[in-house]
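Scroll down for the structure; my scribbles are underneath it.
Quick note: the coordinates plus some simple rules give every number you see, no bench work behind them. Note that the structure is a prediction, hence the values are computed from the model and not measured. FYI the Cβ positions are ideal-geometry reconstructions off the backbone, even for glycines, and counts take in every protein chain you see.
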Amino acid sequence: MHIETITTHPYNDQNPGTSGLRKKVKVFQQPGYLENFVQAIFDSLDGFTGKTLVLGGDGRYFNRPAIQIIIKMAAANGFGELIIGQGGLLSTPAASHIIRKYNAFGGLILSASHNPGGPDEDFGIKYNVSNGGPAPEKDTNAFYQRSLVIDSYKTAHIEDIDLDRIGTHQIDNLSITIVDPVTDYAELMQSIFDFNLLKQSIGSGYITLLFDAMHAITGPYAKRILVDMLGATPDSVINAEPLEDFGGHHPDPNLAHAQELAERMFGSAPPVFGAASDGDGDRNMITGSHIFVTPSDSLAIMAANAHLIPAYTQGLRGVARSMPTSQAVDRVAACYNIPCYETPTGWKFFGNLLDAGKITLCGEESFGTGSDHVREKDGLWAVLFWLNLIAKKRQSVADIVNEHWQKFGRDIYCRHDYEAVEMDSANGIVEHLRNQLLTLPGQTFGEYTVKYADEFSYEDPIDGSISSNQGIRIGFENGSRIIFRLSGTGTVGATLRIYLERFEADASKHDQDAQMALAELINLAEQFCEIKKRTGRTEPNVVT
Ligand code: G1P
Ligand code: ZN
């Protein structure tokens, strides 16, 4: 194999965010841009000669050319084996599973998750380590540092690989295996859930369902598992064909973007259960007939009922949630007397806790839930979890949610996103918030007295690493919280996220509209951060 060293010039913007490096496709198409970042990753890692690298992506525009580039670079840098999903496709959780199952050294996942795709939209790449999870901050920092000084990359002169043909190619010391992207993952799901019960419940018509793959990666997974294996009717999976531009939509599973699903679930004669997943298959949105389950509630409900699922009958070791996720799961943990960890936003912070066996389930308010079965959040796993619960409890989604609230109380929750805010304004807002942290505690606003105001910092209980500046928290005496943070995944300007929550113990008040119930907190949030005043915005772009 002829290996060439190509001279390159560093780019100064290759700092990975919450979940890998995400930029516009056009940015990635600049000469050497992708190559620099991949080489920076390889240069920062040790000991992979002869080892296995897993490779796949969500199928968005630029996925295939990027995979061919990476194959040649991985070959030149000395990997011994590449495992690649057919067509260059692997959902993020499936990639995580394959890394673990085949003891790979690591994996490269090509995705910008829920961001739109196409020539003028977004692309992304992230490195996952041998536990199957996203590289920790010390690694992503090293990638960035290396990218700032990189002056060459290595590539091998080999023909493009036929990504569509399953099988193994041997090129000198390198073996390249194209695998079916679904098979291993489907087997894993079968080992976790009660597929017989699901088959019965779906086959008998007790559970009717609708799954929106949003023209993204989960189409083939959902068709195989929900339709072929569990017997759902073919029209139960909509937008099932992965498209490079996701049909021009945001493949983001929320009520705003999964519109068709939302219309059906809130229309006449909806199915019992409805769900959607995102670009790369790690997110999930759960709905039932005329009900939307917030991701924070979903996590809490899953934790409270996990013992009903075959893989978790022994109970949970512990749970974790990202800091802005509501405290609903904390109440479940307290009731079951298991630990509950609060981590910064981003799945990478759950990895150590999962590896150390401290937690079994974890989740984020951003439509992410997962367990120790992989080291990524997992959209279809969450869907199957809910289906298994409905089948086992023989209750509707609404009944499951209401029963949960009755027992634990309701954490009324919502998130407001202001997207594409000018960077200077966004930084000004954060600075303005920081300046109030010392004076806010003790002040009373209507029924809300500030108990604490701080900037979240996390010390990893396993490796002691510290992550600071992880969002501004304002907590009130009555348990309510307002949290502000800037997104680390956007590609245009800055996105300010405002997270609002209020606890309601009184069951007669559980049936409230979240925006109404949170109106006072929403006003307070504006009073503290002045986003409307400073930017002239009148309302958030997305409310979830
Ligand atoms: C967002 C979510 C975060 C999630 C990440 C990757 O990051 O808020 O919970 O882990 O996407 O899916 P953010 O844009 O807020 O940095
Ligand atoms: Zn995703």
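Which order do Met214, Met265, Met73 fall in if you start with the one that has the fewest other Cβ atoms within 10 Å? Listed from fewest to most nearby Cβ atoms, that is Met73, Met265, Met214.
Which whole DSSP H helices in the chain pass both tests: a Cα extent of 18 Å or more along the axis and a mean Kyte-Doolittle value no lower than 0.0?
Values: long enough: 63-77 (21 Å, 0.44); 137-149 (19 Å, -0.97); 379-393 (21 Å, 1.12); 423-436 (20 Å, -0.73).
Length and hydropathy pass: 63-77, 379-393.
Projecting the Cα atoms of Leu384, Gly490, Ile161 onto the dipole axis of the chain, where Lys and Arg carry +1 and Asp and Glu carry -1 at the beta carbon, places Leu384 farthest toward the positive end. Remark: the stretch 338-465 carries a charge dipole of roughly 760 debye about the Cα centre, counting +1 on each Lys and Arg Cβ and -1 on each Asp and Glu Cβ.
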